[in-house]
Amino acid sequence: MRNRAFLELLSYRILAMLSYQIVAVTVGWHVYELTRDPLALGLVGLAEVIPYFCVAPFAGYLVDHLSKRRLGAIACAGLAVTALVLVAFTQGWLPAKGTLLIYGAIALTGSVRSFLTPIYNTLFAHILPRRQFARGAGFGSVVFQLGLVLGPAFGGGLVAWAGKSAAYGVAGAFAIAAGLALLLMRTDEPHVAHTRAPIFASIGEGMRFVFGHQILLGALALDMFAVLFGGAVALLPAFIKDILHAGPEALGILRGAPAAGAVIVGLWLARKPPEKDAGRLLLMAVAGFGVCIILFALSRHLWLSAALLFASGLCDGVSVVLRSTILQLATPDAMRGRVSAINGIFIGSSNELGAFESGLAAKLLGLVPSVIFGGCMTISIVGITAKLAPKLRRLDLRELH
């Protein structure tokens with residue numbers, strides 16, 4: 001934490017996260033207010049994940065071959081444009097009606113978000129010495145989860161007390177601040193090779209590396225499917241209105257509860273990074289996450305629901321730190337952008353794809369049964385991963401140093 005460039009990098013990360021988390025909370029409330037349809041909430045995730053999938057492989061290639069900080073500033077400018085378009089729409093300055101323009105703005109967010117994590121991961125490995133990767137991943141997880149705590153809290157509070165336009169406007173200001181933090185960072189750019197492989201061959205090289213590495217692939221697949229099936233967060237507006245009978249301020253509480261748990265466990269793991277039996281710990285944490293999601297679906301009380309989501313965050317925080325550490329230790333420097341982009345496809349996009357799955361399942365099965373089903377699938381995925389990836393199950397992080 002005495003590393004000034006690392007602190008500046010963390011500032012970029014949390015400011016960008018605050019921006020798109022505030023937009024995510026506000027858009028969820030906005031869309032459900034207009035439609036009263038849980039499937040419409042799922043379509044928000046789909047509108048983001050499709051452009052994310054399309055852009056992410058090319059984002060990884062560009063991060064490996066161009067200026068990281070300039071690319072990051074451009075991506076942050078895209079987040080700001082999204083927020084400002086939504087301000088104009090909410091104020092009635094645009095002729096559009098319904099939800100189509102909202103989905104279009106979220107599609108832009110999905111495109112530019114595909115750059116944010118590869119840029120962070122590449123600069124992370126350049127700024128910190130290898131022996132500090134595990135501790136750095138712990139602090140990075142804390143900042144990431146703080147963004148998940150503060151963003152929904154700010155978003156829910158702003159919607160409740162100042163309105164949707166104010167929430168979108170604040171999100172735009174955070175995006176601009178994130179871009180400035182990156183441009184003003186005092187560090188040299190990581191080395192970029194002067195000779196470039198053809199773009200599709202380069203992307204293919206990154207994919208072959210990930211799919212040929214059992215530990216890395218197992219960790220990414222485990223987290224992806226757990227988030228895909230176990231994500232109840234996208235349905236929180238429906239739970240709050242129809243099950244818990246609360247207002248928009250409750251949305252901020254419930255959206256922030258999982259991240260609050262993850263912040264606590266992230267601080268602990270930054271102090272005492274896990275090494276021995278890391279694979280078993282990862283599997284147990286994801287299984288615990290699934291159990292918490294099932295119990296959340298059965299809750300009918302706001303604070304019990306918040307406590308269960310907090311517990312799910314404790315489990316998820318362990319998973320995030322371990323996966324981040326595995327990613328940093330296992331990836332060659334020259335491939336960090338591409339591998340991180342593939343990680344984003346596995347993990348980042350699974351949140352939005354999980355939102356669509358949750359909305360569709362809620363439409364077909366009902367709100368509560370769909371979340372119970374997702375939790376059961378998460379536990380099943382843990383068993384399948386333990387069987388198919390024995391190297392991950394027996395992982396000791398010291399083997400990757």
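Every number in this text was worked out from the coordinates using simple rules, so none of it is lab data. From a predicted model like this one, the values you see are computed outputs, not experimental measurements. We place every Cβ from the backbone using ideal geometry, glycine too, and count neighbours over all the protein chains shown.
Assorted remarks:
- Highest mean first, the peptides 182-188, 76-82, 312-318 sorted by other C-beta atoms within 10 Å per residue fall in the order 312-318, 76-82, 182-188.
- Dipole moment magnitude, nearest 20 debye, segment 260-349 about Cα centre, only Lys, Arg, Asp, Glu C-beta charged: 40 debye
- The chain: most fluctuating residue of Gly212, Gly147, Gly163 per GNM, C-alpha cutoff 10 Å: Gly212
- Rounded, prolate or oblate (a/c below 1.5 giving rounded, otherwise prolate when a/b exceeds b/c) for the chain by Cα gyration tensor: oblate
- Taking 0.36 nm per residue of sequence separation and removing the Cα-Cα distance, the Leu84/Glu33 pair yields an extension gain of 16.4 nm.
- Relative contact order (%) - criterion: Cα under 8 Å, at least six apart; region: the chain: 30 percent
- Hits among lysines - C-alpha to C-alpha of Lys363 under 19 Å, sequence gap 8 or more where chains match: Lys241
- Each helix, a run of at least 4 DSSP H residues, gives -39500 (n - 2.57); summed and divided by the residues of the chain, these come to -27500 deg cm²/dmol at 222 nm.
- Overall Cα dimensions of segment 125-260 - principal axes, largest extent first, Å: 57, 37, 32
- Global form of segment 1-65, assessed from the alpha-carbon gyration tensor, a/c cut-off 1.5: oblate
- For segment 117-165, the share of alpha carbon pairs falling in successive 5 Å distance bins from zero is 5, 18, 18, 17, 11, 10, 10, 7, 4, 1 percent.
- Three semi-axes describe the equivalent ellipsoid of segment 57-190; taken as square roots of 5 times the Cα gyration tensor eigenvalues and ordered largest first, they are 31, 18, 12 Å.
- The Cα-based radius of gyration and maximum Cα-Cα distance (Dmax) for segment 235-305 are 15.1, 45 Å.
- Top positive-direction residue, dipole computed over segment 12-122 with Cβ charges, set Ala105, Gly60, Tyr32: Gly60
- Segment 56-105-segment 256-300 distance, computed between alpha-carbon centres (Å): 31 Å
- Cβ-derived FRET efficiency at R0 35 Å, Phe58 paired with Arg131, nearest 0.05: 0.60
- Contact order relative to length of segment 1-159, as percent, for alpha carbon pairs under 8 angstrom and 6 or more apart: 45 percent
- Placing +1 on each Lys and Arg Cβ and -1 on each Asp and Glu Cβ, with no other charges, gives the chain a dipole about its Cα centre of roughly 780 debye.
- Debye, to nearest 20: dipole size of segment 111-264, +1 on Lys, Arg Cβ, -1 on Asp, Glu Cβ: 180 debye
- Here is the list for segment 37-135: chymotrypsin sites (Phe, Trp or Tyr not before Pro) lying in DSSP coil, each with at most 16 other C-beta atoms within 10 angstrom of its C-beta, are Trp93.
- Sites listed here are trypsin sites (Lys or Arg not before Pro) in segment 1-54 whose DSSP assignment is loop and whose Cβ has at most 13 other Cβ atoms within 10 Å: Arg2, Arg36.
- With contacts taken as Cα pairs under 8 Å at a separation of at least 6 residues, segment 78-189 carries a relative contact order of 46 percent.
- Applying 1/(1 + (r/R0)^6) with r as the Cβ-Cβ distance of Leu183 and Ala160 and R0 = 41 angstrom yields a FRET efficiency of 0.75.
- Span-like helix ranges in the chain, DSSP H, alpha carbon extent 20 angstrom or more, Kyte mean at least 0.0: 4-35, 38-65, 68-90, 100-127, 133-161, 164-183, 214-230, 248-271, 278-298, 302-330, 348-365, 367-388
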